[in-house]
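Novice: Pasting a structure below so you can have a look.
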Amino acid sequence: MWHCHIRGLKPGALYLWRADGPYEPSLGQRFNVNRGLIDPYAKALTNGTWDLSGALGYDSSSSEADLSFSTHRDDAPLPKCIVVDDEFDWEGDAPLNYPLKDCIIYETHVKGLTRGLLRPAGKDNNGSSGQTTGNKEDSLITGGSHLTTPNLPPGVQAVDHPGTYRGVAEMIGYFKKLGITSLEFLPLHEFDSAEHFRRNPKTAALLSNYWGYSPLAFFAPKAGYAYMDGQPHDQSDPSFPVREFKYMVRELHKAGIELILDVVFNHSAEGNELGPTLSFRGLDNSIYYMLDNDRRRYKNYSGCGNTLNCNHPVMRTLIQDCLRYWVVQMHVDGFRFDLGSILGRDSSGRLLENPPVIESIAEDPLLRNTKIIAEAWDAGGAYQVGSFPGGRWAEWNDKYRDDVRRFWRGEKAGALHLATRITGSSDLYLRDGRKPFHSINFITAHDGFTLNDLVSYSQKHNEENGEENRDGAQENWSQNFGVEGPSEDPNIEAKRLKQLHTFMATLLLSIGTPMVLGGDEIRRSQRGNNNAYCQDNETSWYDWKNAERNTELLDFFSSLVAFRKAHPVFRRPEFFTGEDRDSNEILDITWFDERGQAPDWSSINHTLAAMIDGSAQETGEQEDDDFYLMFNATTHGIVFTVPRHPRTLPWHSILDTGSHPPRGILPTENAWQSPPVGKTYTMAPRSMALLVAPRL
């Protein structure tokens, strides 16, 4: 650790490091005193257009490539580190840290969420004349597309600061309408938005690093997402992004909404041996990175050219210091770790049984209430879903995603797989003592189709990424119901809308922690692009006119969220046992086929039903009503026999995604009621229904 004290240095001062030492790439050393270096602990970087062509540590014109040494000394293209004033009036705020079992996570992008949601000049959110403090243009126009939304449905409001932290804070009314508890942002640690210089082959527009999975400074919130006095961030107050981020967190917390950050500790923006020297490479290349046996090369378990050496004591300390900073100083509530399996590799790339950095994060006393969520795989072939080490880690459960998609498409992964996933994936998490809520259930995420595209496209359409459609997942378990892409056929649209409702109901009535991809509730589309990492344009930005066109779906989603929050049986902290707990011959869950009989798990079934007992599982837990779930993934109607309730209570039908239009959660007094004995219930193709037997 090197440090210095500079007398009289004040907040707002700008700086870079220089580090002198051997430049011997074949030995893993790449010091170059001519390169200005970003401080890994910098709390903010200056904003602007970056040109990293002058940041190479070698002479690009030399035939020796990176074995050569650059004597060129020009730091002008690099962002500068900022001395930040940490003072901020938090008004008593602290991280909310809700229990995972009670959370509904909404994954979104800071910029894309509000970039196309601009209030018309001179109008407030009620359409009245009013003064705005942001961009005064009448509409946000990009490529000729008007994205202004002057006629928004209730709960959706235009913003004065689109594409920024402050714009997110202006969306609080909408988040409260949805009922979600937690925002999860794609990476906002400082990165170079102009990193990709490929062009869109259709429009010739420059592509960019939109998602942000290429970090440069892990302590610094992205300056490009900050506004100051209604204008884009400039140099007059360099530390402003930090205060803007804190303001957003404080306002979200006031509204009861917590914040989870997607963090990328698996690689940096310096790339492979031909990449620029920006920070780690010039400070101590052989410590910060995993190097190959040929020390000139980098191990690449990230798919991005390099891999950070996370379990080296220096890098491990940096990661832990960084997480503490974001929790203690910035008040965030949790982290999702991109390609988390890399955190489990040693300097040689081997997966460790007890990785020091993973265990230290889980056991850190300052992070004890903080959510830690792993993407439990990496690009080097590691796959640890259900076996991620470290005890209390939650995981993105991609098995839930795939099994639910396959069930509703009618694939061979039938009822048995669905039953396992909607009850918390005990096959993955029970054996090591974890709970159902450690399964982060999702059907869609930023990486893949949106929910609308999942029911509108049978193939990915990533041509505009400039990689000849080779990028993105090949198998999506999607279906288009007869037409690829948008359709004006009312029959096709009815089938798609029903499937959207069914997916939403499946997710929010599953045991585990649900995560929804932002915009799915208003049918956000990426036009079939399932890897829009480089699309900083209308492909990725939310088109909020969809909210006006899809108010029924929006209300359906909100009603499901409210229902889940009101019924602890769908937020249970323990796995079902299928056993009689109270000597009353009533099981916590009982499975049925469509005939009301015990299912044959050895066959591939596309129908399933389950009776859930709402009795409290542990002392101090809440009692709930009893429920009966029915699933029909066939392409034809099925008549289900509903068994008699074990306490002879009447069943009420309160949700049916197969009705016309799909029916959301109904009050019990408006629902169908059965006689005391069994009754049949007709299920439409590819639909699910929920019955309730009120006990409270």
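Where a number appears in this text, it was derived from the coordinates with a stated rule and is not lab data. Computed from a predicted model, the values in this text were never measured in an experiment. Reconstructed Cβ throughout: ideal geometry from the backbone, glycine too, with neighbour counts over all protein chains shown.
Novice: Counting only DSSP beta bridges with both residues in the chain, tell me the antiparallel percent, nearest 5.
Specialist: Numbers: 49 of 77 bridges.
If I count the DSSP bridges inside the chain, around 65 percent turn out antiparallel.
Novice: Right, next: Considering amide H positions built from the backbone, and no H for Pro or chain starts, which residues 5 or more places from Ile604, or on another chain, come under 5 Å of its amide H?
Specialist: none
Novice: If you stretched the chain out fully between Glu552 and Leu67, how much longer would it get, using 0.36 nm times the residue separation minus the C-alpha to C-alpha distance?
Specialist: Details: separation 485, 0.36 × 485 = 174.60 nm, distance 6.16 nm.
Gain on extension, Glu552 to Leu67, equals 168.4 nm.
Novice: Apply the Karplus parameterisation 6.51 cos²θ - 1.76 cosθ + 1.60, with θ equal to phi minus 60°, to every residue of region 267-274 and state each ³J(HN,Hα) to the nearest whole Hz, in sequence, with x for glycine and proline.
Specialist: Those phi angles translate into 7, 10, 6, 7, x, 7, 5, 9 Hz.
Novice: Going by alpha carbons, how many degrees (0 to 90, nearest 10) lie between the helix axis of 551-566 and the longest principal axis of the chain?
Specialist: Roughly 80 degrees between the two axes.
Novice: What is the extension gain from Thr648 to Lys176, computed as 0.36 nm multiplied by their sequence separation minus the C-alpha to C-alpha distance, in nm to one decimal?
Specialist: Values: separation 472, 0.36 × 472 = 169.92 nm, distance 3.82 nm.
The Thr648-Lys176 span can extend by a further 166.1 nm.
Novice: How many angstrom separate the Cα center of region 331-373 from the Cα center of region 1-22?
Specialist: 30 Å
Novice: Let me ask something else about it. Taking neighbour Cβ counts within 10 Å as the exposure measure, how do Ser559, Ser387 sort from fewest upward?
Specialist: Going from least to most buried by this count: Ser387, Ser559.
Novice: Follow-up question, since we're still on this one. Residue by residue, what Karplus-based ³J(HN,Hα) values in Hz, rounded to whole numbers, does region 480-490 have, using 6.51, -1.76 and 1.60 with θ = phi - 60° and x for Gly and Pro?
Specialist: 10, 6, x, 9, 7, x, x, 9, 9, 6, x
Novice: Another question, then. May I ask you to derive the FRET efficiency for Arg296 and Ala562 from their Cβ-Cβ distance with R0 = 45 Å, giving the value to the nearest 0.05? Don't skip to the answer; put the middle values down first.
Specialist: Details: r = 58 Å, r/R0 = 1.28.
For R0 = 45 Å, the calculated efficiency reads 0.20.
Novice: Follow-up. Please work out the C-alpha center-to-center distance from region 471-535 to region 387-408 and express it in whole Å.
Specialist: 19 Å
Novice: Related question: If only Cα atoms are counted, what is the Rg of region 169-265, and what is its Dmax, in Å?
Specialist: Computed over the Cα atoms of region 169-265, radius of gyration and Dmax are 15.5, 45 Å.
Novice: Excluding His253 itself, what net charge comes from residues whose Cβ is under 12 Å from its Cβ, given Lys and Arg +1 and Asp and Glu -1?
Specialist: Details: positive: Lys246, Arg250, Lys254; negative: Glu91, Asp93, Glu251, Glu258, Asp333.
So the environment of His253 carries a net charge of -2.
Novice: I need Thr181, Thr307 ordered by Cβ neighbour count within 10 Å, fewest first. Before the final figure, lay out each step's value.
Specialist: Details: Thr181 21, Thr307 26.
So the residues, fewest neighbours to most, are Thr181, Thr307.
Novice: Please give, to one decimal in nm, the separation of the simple spin-label points placed at Leu351 and Leu430, each 7 Å out from Cα toward the Cβ.
Specialist: 2.3 nm
Novice: Once Lys and Arg get +1 and Asp and Glu get -1 on their Cβ, which of Asn309, Ile319, Ile358 lies farthest toward the positive end of the dipole of region 303-369?
Specialist: Comparing the listed Cα positions along the dipole, Asn309 ranks first.
Novice: Just from its helices, what would the mean residue ellipticity at 222 nm be for the chain, if runs of 4 or more DSSP H residues each count -39500 (n - 2.57) and the sum is divided by every residue, rounded to the nearest 500 deg cm²/dmol? Mind showing how you got there, number by number?
Specialist: Working: 14 runs with 133 residues, N = 696.
The helix contribution divided over the chain gives -5500 deg cm²/dmol.
Novice: Now for a separate question. Towards the positive end of the charge dipole of the chain, with charges on Cβ (+1 Lys, Arg; -1 Asp, Glu), say which of Leu188, Leu418, Ala394 has the farthest Cα.
Specialist: Leu418
Novice: Exposure proxy check: Tyr174, Tyr106 ranked by fewest other beta carbons within 10 Å?
Specialist: On the way: Tyr174 22, Tyr106 26.
Result, fewest neighbours first: Tyr174, Tyr106.
Novice: Which order, highest average first, do 28-36, 515-523 follow once you tally other Cβ atoms within 10 Å for each residue and take the mean per peptide?
Specialist: Details: 28-36: 20.8, 515-523: 25.0.
Highest-to-lowest ranking by the protection proxy: 515-523, 28-36.
Novice: To the nearest 20 debye, what charge dipole does the chain have about its Cα centre, counting +1 at the Cβ of each Lys and Arg and -1 at the Cβ of each Asp and Glu?
Specialist: On the way: 70 positive and 93 negative charges, 109 e Å.
That gives the chain a dipole magnitude of about 520 debye.
Novice: Further question: Could you give the radius of gyration (one decimal) and Dmax (whole number) of the Cα atoms in region 198-329, in Å?
Specialist: Every Cα atom of region 198-329 included, Rg and Dmax give 17.7, 53 Å.
Novice: Separation between the Asp86 and Glu579 pseudo-spin-labels, each 7 Å from Cα along Cα→Cβ, expressed in nm?
Specialist: 5.0 nm
Novice: HN-Hα J couplings of region 246-257 from phi, Karplus 6.51/-1.76/1.60, θ = phi - 60°, integer Hz, Gly and Pro as x?
Specialist: Whole-Hz 3J(HN,Hα) from phi for region 246-257: 4, 4, 4, 4, 4, 5, 4, 5, 4, 8, x, 10.
Novice: So if I place +1 on the C-beta of Lys and Arg and -1 on the C-beta of Asp and Glu, and nothing else carries charge, what would the dipole magnitude of region 318-398 be about its Cα centre? I want it in debye, nearest 20. Please report the intermediate quantities before stating the final value.
Specialist: Working: 7 positive and 12 negative charges, 28 e Å.
The calculated dipole for region 318-398 is roughly 140 debye.
Novice: Pull out the extension gain between Glu363 and Glu488, defined as 0.36 nm times the separation in residues minus the alpha carbon to alpha carbon distance; nm, one decimal. It would help to have the intermediate numbers written out before the result.
Specialist: Values: separation 125, 0.36 × 125 = 45.00 nm, distance 5.45 nm.
Difference between extended and current length: 39.5 nm.
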